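Below you'll find the structure, written out as structure tokens, and then a few comments.
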Amino acid sequence: MDRNAEWRDALRKEIKAKDRTTIERVEMNELEASYRRHCREEVNQGLTAEQAIQEAKRCLDCANPTCMQGCPVGIDIPGFVKNIERGEFLEAAKVLKKTSALPAVCGRVCPQEKQCESQCMQIKMGKKPVAIGYLERFAADYERESGNIAVPECASCNGKKVGVIGSGPAGLSCAGDLAKYGYDVTVFEALHEIGGVLKYGIPEFRLPNAVVDVEIENLKKMGVKFVTDCVVGKTITPEELKQEGFECLFVASGAGLPRFMNIPGENLINILSSNEYLTRVNLMDASSDDSDTPVFKGKNVAIIGGGNTAMDSVRTALRLGAERAMIVYRRSEEEMPARVEEVKHAKEEGVEFLTLHNPIEYIGDEKGRVKAMRLQKMELGEPDASGRRKPVEIPGAIETIEVDTVIVAIGVSPNPIVPSSIEGLDVSCKGTIEVNDEMQSNSIPTIFAGGDIVRGGATVILAMGDGRKAAAGIHKYLSEK
Amino acid sequence: MYKIVKKEKFSDLVTRLDIEAPLIARSRKAGHFVIVKLDEKGERIPLTIAGSDMEKGTITLVIQAVGHSSSKLCAMNEGDEIAHVVGPLGKATHIEKFGTVVCACGGVGTAPMLPIAEAMKKAGNRVISVLAARTKDLIILEKQMRAVSDEVIIMTDDGSYGEKGLVTNGVESVINREKVDLCVTIGPAIMMKFVSLLTKKYEVPTVASLNTIMVDGTGMCGACRVTVGGETKFVCVDGPEFDAHQVDFDEMMLRLGAYKEIELQAQNK
């Protein structure tokens, strides 16, 4: 780390720490709610260079940067922030890329308020934390838009083949690091496009596909090969990959099995999983006239769940023309797992929040389409195992609301296709792959795994952290072999 | 890209395509399906594999032009390329020596039945195939089915070929004549429903291969869910074959129509 570099020392002395704490935290530039709720344009517009430099000044460049402890991939946060402060934006991007394969993505979708920013020294002084996420996005966007994208240095190819199963955040970050170590990396993707949840799941208004594509192009420049339309375990087995010379495999096939509540009427038409709804709109572009994939553009849309996927779904419904878009969540807003920013954006756009409501039945019309939902009203009781107050039914308090579309966004389970195709693999009762601290399978040393297939349903950044750890683990294993 | 190397028109509506897909040709088994996406704007549609040639690295699909994408696929020619073909997906058919197996096929359902009948025969079963269609022109793969069956019964609605009547009449005549250990049925949902009702009456175990709406085909979306024995199942990963007597065919038929109105609107644009 170059905290002792001359320029950085000078920068620290330029403004007193006390003065740095008096600068107001920057506000993200956003599209107007009334405009954005009808279009796919990205809601957050990013910071200007002036705003970024000003915000970077708020960073105290601590000797012991606690923010870094909050980052699952250990980004050199003061290192990149101080480069922004001195106007070396491309240099800032380079610092980010040392540890993160997808900084433009993380700058947009990471829950910074729960990670790096929650550990910022400014908070201890009663101030708002440095907007690390906004700055990360700024540096990554600046680099991309400048056309001077740095391709990270890769060790010369060592000729060893490693296969990565799944091209979501875990797979991409692992592939990037493996390429840096000098491995011959091939990523296998079941869908027709690279990017996993970044493409099919997170909507354009939060993470434009073009941003993801640039990061993928960069990996290709580093020598990573991609194979689409390939379901490992079906199209080709892990055993066959081994025979083809792949010395290790990293399984990052995600948690692609949507959960349903198993309540009466749940299989009525126009009740679908958030995975299906978002895939139709994001990956298949179903809302465009020239797409062959259909999607029902509901007028009264209810989303069941309170996570980020629920927020993505409800805001997508608005953009598809919903007149009434509702979040139905069984606990109160305080317990909602969604990011504060997503909830705020959804509210600004006119989403209704039916908290402390739980669906118990759906009612259909004569054609089998959903026309109403019956909701049980809840109240908060004693804390449960998760530490959150448990929602309990209020006897007899049942409400019926007309709906023509219901999106179920209550979580996902691990996809069994890959784990079940590897004989002798340690799999938990929940279907997740059991691994050690280096993301190495407990039972088969050449198999590594990470992301939601290990965690069962987590965040982009945790998946990326797993990918990095696995790459290091694979490198260690193959070097010592 | 996946090249069409051979095309054969069975009738105005039904086309057979041999497509280059060496990995799938190598790993597929009877009962598996693929997801096909024709071009950049194409939708992902599931199609059951009707056979493969491992040496040539091709798989065979038999498609009936019913909607937008299937019509487009039927109109493609030898040498044309399909953007995406992924598979083999789903669980393979459970093959063992059951005894006497009746293969009840409706229309284009004969195509995915062919590899199943073949495998059943190979496993030592006595295979009786009932091929049913509206009219003579829609009876397909008769020769191939005869080659893998001990007996083939042809049924047409209008009596233009074989016997006049429905697939159920053919199946019932076999059941009335000899002991049937298993019935496998593939065809339109309504036909499978009535085959299932019939065999339930006679207590003949029956397997139906379901073809529902899908997007990814790997368990990710849940568009294909059906109720089997009171439980929700995903056709793509739990199926496509299920105990027919447990399948809620009425719900399945409603769900198959989920996008009919939107498709009609799109066609009339």
Residue-count net charge about A:F89 - beta-carbon cut-off 14 Å; Lys, Arg +1, Asp, Glu -1: -3
In Hz, Karplus ³J(HN,Hα) per residue of the range B:70-82 (6.51, -1.76, 1.60; θ = phi - 60°; x = Gly, Pro): 5, 5, 4, 5, 5, 7, 6, 10, 4, x, 5, 10, 9
Vicinal HN-Hα couplings computed from phi for the range A:185-198 (Karplus, 6.51 cos²θ - 1.76 cosθ + 1.60; Hz; Gly/Pro x): 9, 10, 9, 9, 10, 6, 7, 8, 10, 8, x, x, 4, 5
Relative intensity, log₁₀ I(q)/I(0), of chain B from a Debye sum that treats every alpha carbon as a point, q = 0.17 Å⁻¹: -1.47
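Arranged by the count of other C-beta atoms within 10 angstrom, fewest first, what order do A:K18, A:K476, A:K234 take?
A:K18, A:K476, A:K234
Give, rounded to the nearest 20 debye, the magnitude of the charge dipole that the range B:2-89 has about its Cα centre when Lys and Arg contribute +1 at Cβ and Asp and Glu contribute -1 at Cβ. Could you put the intermediate results ahead of the total?
Working: 13 positive and 12 negative charges, 51 e Å.
Charge dipole, the range B:2-89, about its Cα centre: 240 debye, nearest 20.
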Set of lysines near A:K371 by C-alpha distance (under 26 Å), chain-local residues within fewer than 8 positions excluded: A:K297, A:K299, A:K347, B:K233, B:K260
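Cα convex hull of the range A:159-241: how many Å³ per residue?
Values: hull volume 6.8 nm³, N = 83.
Convex hull of Cα atoms, per residue: 82 Å³.
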Shape box of the range A:1-107 [Cα atoms, principal axes, largest first, Å]: 49, 32, 24
Against the rule of thumb 2.2 N^0.38 Å, how large the Cα Rg of the range B:100-256 comes out: 1.01
Positive-end residue of A:G107, A:L283, A:L219, charge dipole of chain A with Cβ unit charges: A:G107
Quotient of Cα Rg and 2.2 N^0.38 Å for the range A:258-408, N being how many residues it contains: 1.03
Residue mean of other protein chain beta carbons inside 10 Å, A:363-372: 2
Segments A:135-145, B:75-85, A:324-334 sorted - mean Cβ within 10 Å per residue, highest first: A:135-145, A:324-334, B:75-85
Descending semi-axes in whole angstrom, ellipsoid equivalent of the protein assembly as shown, from the Cα gyration tensor: 51, 30, 22
B:A223 long-range amide H proximity, modeled H, under 5 Å: B:V215
Spatial separation of Cα centroids for the range A:254-332 and the range A:118-190, in angstrom: 30
Most mobile of B:G217, B:G90, B:G159 in a GNM of chain B (Cα contacts under 10 Å): B:G159
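In the structure displayed, which of A:K98/A:K180; B:K7/B:K56; B:K7/B:K122; A:K16/A:K82 lie more than 19 Å apart, Cα to Cα?
B:K7/B:K122
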The range A:189-318: projected area of the alpha-carbon convex hull, averaged over directions, in nm²: 10.4
Those aspartates and glutamates that a straight Cα-Cα span of less than 13 Å connects to B:K200, excepting residues fewer than 8 apart in one chain: B:E172, B:D181, B:D243
Equivalent ellipsoid semi-axes - Cα gyration tensor, the range B:2-89, angstrom: 18, 14, 12
Shielding by other protein chains, A:272-282, mean Cβ within 10 Å: 4
5 angstrom amide H check on B:V207, placed H, neighbours 5+ away: B:C183, B:V184, B:T185, B:A244
Distance in nm between pseudo-label sites at B:D158 and B:D181 (7 Å out along the Cβ direction from Cα): 4.0
Qualifying aspartates and glutamates (Cα of each under 20 Å from Cα of A:K220; at least 8 residues distant if same chain): A:D141, A:E143, A:E145, A:E153, A:D177, A:D184, A:E189, A:E193, A:D229
Estimated dipole of chain A in Debye, rounded to 20 [Cβ of Lys and Arg +1, of Asp and Glu -1, Cα centre]: 1000
Largest-first principal axis extents, alpha carbons of the range A:377-418, Å: 45, 35, 12
Under the span-like rule (Cα at least 24 Å along the axis, Kyte-Doolittle mean at least -1.0), DSSP H helices of chain A: A:460-480
Amide H contacts of A:E361 (H built 1.01 Å from N, under 5 Å, at least 5 apart or other chain): A:R374
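So what's the net charge close to B:I49: Lys and Arg +1, Asp and Glu -1, counting the other residues with Cβ under 11 Å from its Cβ?
+2
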Local electrostatic count at B:V34 - Lys and Arg +1, Asp and Glu -1, tallied over other residues with Cβ under 11 Å: +3
Size of charge dipole - the range A:3-146 - debye, nearest 20, with Cβ of Lys, Arg +1 and Asp, Glu -1, no other charges: 480
Of B:H32, B:H245, B:H68, the one that fluctuates the most in a GNM where chain B has Cα springs shorter than 10 Å: B:H68
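A short reminder: the numbers here are calculations on the coordinates, not readings from a lab. Bear in mind that the values here come from a model prediction, so they are computed numbers and not experimental data. Glycine also receives a Cβ, built like all others from the backbone with ideal geometry; neighbour counts cover every protein chain displayed.
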